[in-house]
Amino acid sequence: MSPEVVALAAQAGFHWLCTDRGVLARSERTGGGEGPWDLGHGVVGLFRDTELSDRIGFRYADRPATEAAEDLAAGLVGRGTVLVALDGENPWESYADAGGAFRAALRSVLERGPVRPVTVDDAANGPVVGTVHHLWTGSWIGADFRIWIGHDE
């Protein structure tokens, strides 16, 4: 993610971009809260909740599906628009049934409320919670390029 990426995305017709909260934390900004941020150029940014997202990718595969779903939903209660986005790897390979039981349990828990799922399109069309004046340049892994630069591979 970078200011240049935002400008290019806008030129290509994108309305929203997603990355990790670490990028937002290092960016110059005003406002605050959970939800879409004005990145300029008519583009909004949504910043994933790293900890909640990583629960799906790294912690829930060995837990009972309903317990994991209730834990995730409890982490969302009382907050604004929270982006839960999985990292690049496919976590479903770690689940006994490719995550089917967890996803079904999560749907069931969410249907009972009070958390309401929305698409990223819908979230991006909501009111912005702040403005990013200078977006930090970095990957969503560590908000830098450490993992991408300096390794032989």
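The values are calculated or read from the model by the stated rules, or taken from the named source; none is laboratory data. For clarity, every value in this text was computed on a predicted model and none was experimentally measured. Here Cβ is always computed from backbone atoms with ideal geometry, including for glycine, and neighbour counts include all displayed protein chains. Protein only, heavy atoms only, side chains kept; ligands, DNA and RNA dropped before computing areas. Shrake-Rupley method; radii C 1.70, N 1.55, O 1.52, S 1.80 Å.
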Please work out which one of (1) closer than 22 Å to GLY35 by Cα; (2) open to solvent by 40 Å² or more (accessible area, probe 1.4 Å); (3) of a type outside the set (A, V, I, L, M, F, W, C) is the condition SER139 fails and give its number.
(2)
Restricting the search to region 103-121, which residues are open to solvent by 80 Å² or more (accessible area, probe 1.4 Å), assigned to a helix (DSSP H, G or I) and closer than 29 Å to PHE14 by Cβ?
ARG103, ARG107, ASP121
Hits in region 1-41 - residues which are farther than 24 Å from GLY80 by Cα and of a type in the set (Gly, Ala, Ser):
SER2, ALA7, ALA9, ALA10, ALA12, GLY13
With in contact with a Ser or Thr (Cβ under 9 Å, 6 or more places away or on another chain), at pLDDT 95 or above and among the charged types (D, E, K, R) as the only criterion, which of ASP38, ASP20, ASP87, ASP62 stands out?
ASP38
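Does at least one position in region 122-131 carry a residue that is within 15 Å of the chain's Cα centre (by Cα), open to solvent by 60 Å² or more (accessible area, probe 1.4 Å) and closer than 25 Å to HIS15 by Cα?
Step one: filter region 122-131 for residues within 15 Å of the chain's Cα centre (by Cα), giving 122-124.
This time we only want the ones that are open to solvent by 60 Å² or more (accessible area, probe 1.4 Å), so: 122.
The next check asks that each one be closer than 25 Å to HIS15 by Cα; those that pass are 122.
Scanning region 122-131 turns up at least one residue that is within 15 Å of the chain's Cα centre (by Cα), open to solvent by 60 Å² or more (accessible area, probe 1.4 Å) and closer than 25 Å to HIS15 by Cα.
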Taking region 115-129 and keeping only residues that are touching a residue at least 24 places away in the same chain (Cβ under 8 Å) and under 23 Å from ARG63 (Cα atoms), one is left with VAL115
